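Presented below is the structure to which this report refers.
The values are calculated or read from the model by the stated rules, or taken from the named source; none is laboratory data. What you are looking at is a predicted structure, and each value in this text was computed from that prediction instead of being measured. A quick note on method: Cβ atoms are made from the backbone with ideal geometry, for glycine too, and the neighbour counts reach across all protein chains shown.
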Amino acid sequence: MAGTFSQIYIQVVFAVKGRECVIHTSWEEELYKYISGIVRNKGQKMLAINGMPDHLHFIIGMKPSCCLSDLVREIKKSSNDFINEKKFSKYKFSWQEGYGAFSYSHSALDNVIQYVNNQKEHHRKISFKDEYKEFLEKFEVEFREEYLFEWLE
């Protein structure tokens, strides 16, 4: 019987609710390890994860049987609970609704991994809002700017 062979690489980006800068360097590594464990336990391969105080990026090697929306929902739900149970933030932590997902070829993988790993350096030059809009434009994703981010009132 023939097998299924695939090579699917997806970068996922999502933000803290209200784009608040609450992911602190003192616990971000523990958060990244926790999220990597979720990805691994769901049978996918974490290739890189990194972020800023208000958002994160990760790139995975994904099997075709994986439902990306289910995976991201599980990552966000479980990591919300993890952050709140550990009391990493003095306020109730929550991720913003929605996410960005962008696919890459194998030949682009090294550059994307380097990009994710260099988030702190990268964001010295460009804001998250501008970066996210650039992704959407580069990948020709239609969007309305007023729906890109949730803001706390």
Item to check | Looking only at the range 1-29, and only at residues there that are part of a loop (DSSP other than H, G, I, E, B) and in contact with a strand residue (DSSP E or B) (Cβ under 9 Å, 6 or more places away or on another chain), the one that is nearest to residue 133 (Cα to Cα) | outcome: 21
Checklist outcome for this item: Note on the range 71-83: residues surrounded by fewer than 15 Cβ atoms within 10 Å (Cβ to Cβ) and over 14 Å from the mean Cα position of the chain (by Cα) are 81
Checklist outcome for this item: Residue pairs within 7 Å by beta carbon, gap of at least six or interchain, first lying in the range 134-153 and under 17 Å from residue 98 (Cα atoms), second assigned to a loop (DSSP other than H, G, I, E, B) and modelled with pLDDT of 75 or more, listed first then second, are 136/143; 149/96; 150/96; 150/97; 152/20
Checklist entry - Is there any pair with a first residue in the range 94-116 that is within 13 Å of residue 135 (Cβ to Cβ) and a second that is among the charged types (D, E, K, R) whose Cβ atoms are under 8 Å apart and which are 6 or more apart or on different chains, and what are they? => result 99/76
Checklist entry - Quick check: is even one residue across the range 3-26 of a type in the set (D, E, K, R), in contact (Cβ under 8 Å) with a residue 24 or more places away in the chain and within 15 Å of residue 64 (Cα to Cα)? => result no
Next on the checklist: Kindly evaluate residue 97 against the criterion of being at pLDDT below 90, among the acidic types (Asp, Glu) and within 16 Å of residue 14 (Cβ to Cβ).
Outcome noted: no
Checklist entry - In the set 2, 15, which member is of a type outside the set (Ser, Thr, Tyr), farther than 16 Å from residue 113 by Cα and crowded, with 16+ Cβ neighbours inside 10 Å? => result 15
